[in-house]
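Throughout, read-outs are computed from the coordinates displayed, never taken from laboratory work. Quick caveat: nothing in here was measured; it's all calculated off a predicted structure. Don't worry about glycine lacking a Cβ; one is built from the backbone with ideal geometry, like all the others, and counts go over all protein chains shown.
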Amino acid sequence: MIEYKELVRRAFTARKKAYAPYSDFQVGAALLCEDGRVYEGCNIENAAFGVSQCAERTALFTAVCEGERSFTAIAVVGGRREAETFELCPPCGICRQALTEFCDPDVFEVVLARTETDYQVYKLKEVFPLGFTQKDMSR
Ligand code: THU
């Protein structure tokens, strides 16, 4: 299983693929599957702003489309195009909900990075308590 340092490196790589001409804020994500595979994602903006998609969901949806269903962690890095240093880039609420569909909030980890070696690790439940799940629909 890869180390978070490597997962963060993949998020930095993914960030280079961002299409963010409107915000100029480029985000990369790297999603680690239980089987050890890693899927990268970047943000993809649109002239109709609401159509834009975050890096985290790009990674998640790509992985799900490839048949993956079990995930361990996601690394995220974001900053303006010309940034040389980075602050933590927490996933938006929609991405947290999207992850909640597939990830156990007690186990799944969100890795927020400033550099390849400086990152903070949170459980999904810490950053998104009380996410809406299938169970809530069957009560
Ligand atoms: N964005 C992400 O891709 N992930 C985040 O965690 C926060 C925000 C994107 C959406 C938009 O393209 C740009 O960053 C500015 O909000």
Based on alpha-carbon centroids, what's the gap between the range 1-44 and the range 124-139 in Å, whole number please?
25 Å
Does anyone have the angle between helix 55-65 and the longest principal axis of the chain? Alpha-carbon axes, 0 to 90°, nearest 10?
50 degrees
Cα long-axis angle, helix 4-15 against the chain (0 to 90 degrees, to the nearest 10):
60 degrees
Of V38, V110, V64, which has the largest mean-square fluctuation in a 10 Å C-alpha GNM of the chain?
V64
Candidates A73, A83, A14, ranked by Gaussian network fluctuation over the chain, Cα under 10 Å, top entry
A83
Among F128, F49, F102, the residue with the largest mean-square fluctuation in a Gaussian network model of the chain built from Cα contacts under 10 Å is F49
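Would you mind ranking T62, T117 so that the residue whose beta carbon has the fewest other beta carbons within 10 Å leads the list?
On the way: T62 14, T117 10.
Starting with the residue having the fewest Cβ neighbours, the order is T117, T62.
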Using DSSP to call loops (not H, G, I, E or B), can you name the trypsin sites (Lys or Arg not before Pro) in the range 1-107 whose Cβ has at most 15 other Cβ atoms within 10 angstrom?
K16, K17, R37, R69, R81
Using alpha-carbon coordinates, inclination of helix 93-102 to the longest axis of the chain, degrees
50 degrees
